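*Asks:* This is the structure, below, for whatever I ask next.
The values are calculated or read from the model by the stated rules, or taken from the named source; none is laboratory data. The shown structure was predicted, so the numbers you read here are calculated from the model rather than taken from an experiment. Cβ sites come from the backbone with ideal geometry, for glycine too, and all protein chains shown count toward neighbours.
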């Protein structure tokens, strides 16, 4: 029991350090608030995909569908009078969850390749629908006239991104804690059992289909919340929110950070966005080349090896921070 | 005791191939039934048929009065059938505790209670499934079936591949579950004498048909009868 207690405390130390650093970032880099806001939104989006890929083993190339629905829902709600950010966020996440629930039955069947094609197809269909119904979505010109009310009636969204950054970070933290609780619950463990061996899980009493539908719906809600945050904090929505590259990017983020432990999406989002920001400043036309090269190196070198090296350094750092002896 | 399981004239197998032919058996609440027989006699197919994993050709299977003959295999665990597979089938990427927590359902068998029954598992609760020995994996498979709180547990060769000392340990657990806790169970096993000692009744299968049915004690007390029915003297020892 004592060993369990020590283990849990050690994990908590690492998490505390992570979040203290994350919350300190806006204070340490006040000139990068917009970038930090983008990282928080991408991190939430990656977190939603991690729930699917890392815990349920469902691979998706169309996750932008839910992100886009959340973004358009938040934008349209604000444009048509419901400008309160938190209510808009909740409704947008709910809209994405409904789409997630309805489409979840399509991904229950088939192998990974089938799921890739089905999810990508859903994403492409929604992109075309958004383009076709330009009277509602603004089409290629984007959704104009999105004006958000001050957050909690107190904090207006400013150009420097102060409110946006704090808002996105707070939502990310809350939804992260919910996801953390979810994956450690019997529900989350049974998902991992389904991921490990679906037939075996079913034979010992895990209702695999129900579990997968539920997590797909929850992940869609998370992605919708991420999309809503983007729409609300930038006060603009374009077809880009539904674009295929967004689904591919978030998958890349998980490859960078690792899946199945929740922090991978957060770390991957930070690496991806900082690299994108830095490389775009160095070589505006060819930054994607360097991202691609990094991906190839990571895959060839083995992400596990890189991750183990980083984890060792991280553990040593947090132990030093917590005043524990290093082995 | 009320009847829990009733199998009548069951004919099942794999696709067109029929393995079990005209098999009938019954099990009361709190009763333990040993299923014996040579290799290929149809013991594992009987378990698979009760789990809905075979092709049904004829006959009926009733659990607590409900006809589950055509119930999908994925619904049988929910209907109250627990399973301890021959190959254990634990989730190797989950810890011992997570293996149990992932599937537990409300009922008398909670995770702390099975840890009381299996102190060794309690000691290794944080170890991953792939870090367990064969005996520990078998204990985990039994513990996992218990936390599902089923009405009936099917044990498929629970002593298979275990070292003699571990066999004794698993047998003592089976004795406690079947004799003291009075779990309703069907135990398929090659080691006839050992399983007869912990069960109430036994059936012997041969070429997919029931060739003997009676109290376990009768077979246990008469090794010659057991050997004759099994058709393999050595197996009966």
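*Asks:* List the helices (runs of 4 or more DSSP H) inside the stretch A:186-286, counting only whole elements, that have at least 3 residues being out of contact with any helix residue (DSSP H, G or I) (no Cβ under 8 Å at 6 or more places or on another chain), away from chain B (no Cβ under 14 Å) and modelled with pLDDT under 90.
*Replies:* The qualifying helices (runs of 4 or more DSSP H) are A:263-282.
*Asks:* Considering only residues of the stretch A:145-157 that are surrounded by 12 or more Cβ atoms within 10 Å (Cβ to Cβ) and without any contact (Cβ under 8 Å) to a residue 40 or more places away in the chain, which is farthest from residue A:90 (Cα to Cα)?
*Replies:* Looking at residues that are surrounded by 12 or more Cβ atoms within 10 Å (Cβ to Cβ) and without any contact (Cβ under 8 Å) to a residue 40 or more places away in the chain, I get A:155.
*Asks:* Right, next: Can you pull out every residue in the stretch A:143-167 that is more than 23 Å from the chain's Cα centre (by Cα) and on the phi > 0 side of the Ramachandran plot?
*Replies:* Across the stretch A:143-167, the qualifying residues are A:145, A:152, A:153.
*Asks:* If only one of A:42, A:53 is in a helix (DSSP H, G or I) and closer than 13 Å to residue A:266 by Cα, which one is it?
*Replies:* A:42 is the lone residue from the list that is in a helix (DSSP H, G or I) and closer than 13 Å to residue A:266 by Cα.
*Asks:* Follow-up. With part of a strand (DSSP E or B), in contact (Cβ under 8 Å) with a residue 60 or more places away in the chain and within 18 Å of residue B:86 (Cβ to Cβ) as the only criterion, which of B:20, B:4, B:27, B:46 stands out?
*Replies:* Answer to the selection: B:20.
*Asks:* Just one of the numbered conditions (1) within 14 Å of another protein chain (Cβ to nearest Cβ); (2) on the phi > 0 side of the Ramachandran plot is not true of residue B:47; which one?
*Replies:* Status for residue B:47: all satisfied but (2).
*Asks:* Here's a follow-up. Might you let me know whether the stretch B:66-74 holds any residue that is closer than 20 Å to residue A:189 by Cα, facing another protein chain (nearest Cβ under 10 Å) and free of Cβ contacts under 8 Å to residues at least 24 places away in the same chain?
*Replies:* The answer is yes; a qualifying residue exists.
*Asks:* Sticking with this structure for a sec: Kindly indicate whether residue A:17 is at pLDDT below 90 and either away from every other protein chain (no Cβ under 14 Å) or under 21 Å from residue A:176 (Cα atoms) (or both).
*Replies:* yes
Rundown of residues vs (1) surrounded by fewer than 19 Cβ atoms within 10 Å (Cβ to Cβ); (2) in contact (Cβ under 8 Å) with a residue 60 or more places away in the chain; (3) more than 12 Å from the chain's Cα centre (by Cα), yes/no style:
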residue: B:114; (1), (2), (3): no, no, yes
residue: B:118; (1), (2), (3): no, no, yes
residue: B:123; (1), (2), (3): yes, no, yes
residue: B:133; (1), (2), (3): yes, no, yes
residue: B:139; (1), (2), (3): no, no, yes
residue: B:166; (1), (2), (3): yes, no, yes
residue: B:174; (1), (2), (3): no, no, no
residue: B:186; (1), (2), (3): no, yes, no
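*Asks:* Between B:154, B:219, which is touching a helix residue (DSSP H, G or I) at 6+ places or on another chain (Cβ under 6 Å), surrounded by 15 or more Cβ atoms within 10 Å (Cβ to Cβ) and closer than 22 Å to residue B:51 by Cα?
*Replies:* Going through B:154, B:219 in turn, just one is touching a helix residue (DSSP H, G or I) at 6+ places or on another chain (Cβ under 6 Å), surrounded by 15 or more Cβ atoms within 10 Å (Cβ to Cβ) and closer than 22 Å to residue B:51 by Cα: B:154.
*Asks:* Have a look at A:114, A:103 and point out the one that is part of a helix (DSSP H, G or I) and crowded, with 18+ Cβ neighbours inside 10 Å.
*Replies:* That would be A:103, the only listed residue that is part of a helix (DSSP H, G or I) and crowded, with 18+ Cβ neighbours inside 10 Å.
*Asks:* Of everything in the stretch B:9-40, what is farther than 18 Å from residue B:153 by Cβ, crowded, with 16+ Cβ neighbours inside 10 Å and in contact with a helix residue (DSSP H, G or I) (Cβ under 9 Å, 6 or more places away or on another chain)? Give them in sequence order.
*Replies:* Correct list: B:10, B:12, B:13, B:19, B:20, B:23, B:37, B:38.
*Asks:* For the stretch A:183-204, state whether one or more residues are surrounded by fewer than 24 Cβ atoms within 10 Å (Cβ to Cβ), closer than 25 Å to residue A:314 by Cα and touching a residue at least 12 places away in the same chain (Cβ under 8 Å).
*Replies:* yes
*Asks:* Hey, can you tell me all the residues within the stretch B:65-82 that are buried (at least 16 other Cβ atoms within 10 Å of the Cβ) and part of a loop (DSSP other than H, G, I, E, B)?
*Replies:* B:68, B:69, B:71, B:80
*Asks:* Right, here's the next one. Of all residues being in contact (Cβ under 8 Å) with a residue 24 or more places away in the chain and part of a loop (DSSP other than H, G, I, E, B) in the stretch A:158-176, which is surrounded by the most Cβ atoms within 10 Å (Cβ to Cβ)? Just the residue, please.
*Replies:* The qualifying residue surrounded by the most Cβ atoms within 10 Å (Cβ to Cβ) is A:161.
*Asks:* Hey, does the stretch A:122-134 have a residue that's within 14 Å of chain B (Cβ to nearest Cβ) and in a loop (DSSP other than H, G, I, E, B)?
*Replies:* no
*Asks:* Something else now. Would you be able to tell me the number of residues in the stretch A:134-143 that are out of contact with any helix residue (DSSP H, G or I) (no Cβ under 8 Å at 6 or more places or on another chain) and either within 22 Å of residue A:218 (Cα to Cα) or surrounded by fewer than 13 Cβ atoms within 10 Å (Cβ to Cβ) (or both)?
*Replies:* 1
*Asks:* Test each condition in (1) buried (at least 18 other Cβ atoms within 10 Å of the Cβ); (2) under 24 Å from residue A:142 (Cβ atoms) for residue A:248 and report the one that comes out false.
*Replies:* Going through (1) buried (at least 18 other Cβ atoms within 10 Å of the Cβ); (2) under 24 Å from residue A:142 (Cβ atoms) one by one, residue A:248 breaks only (1).
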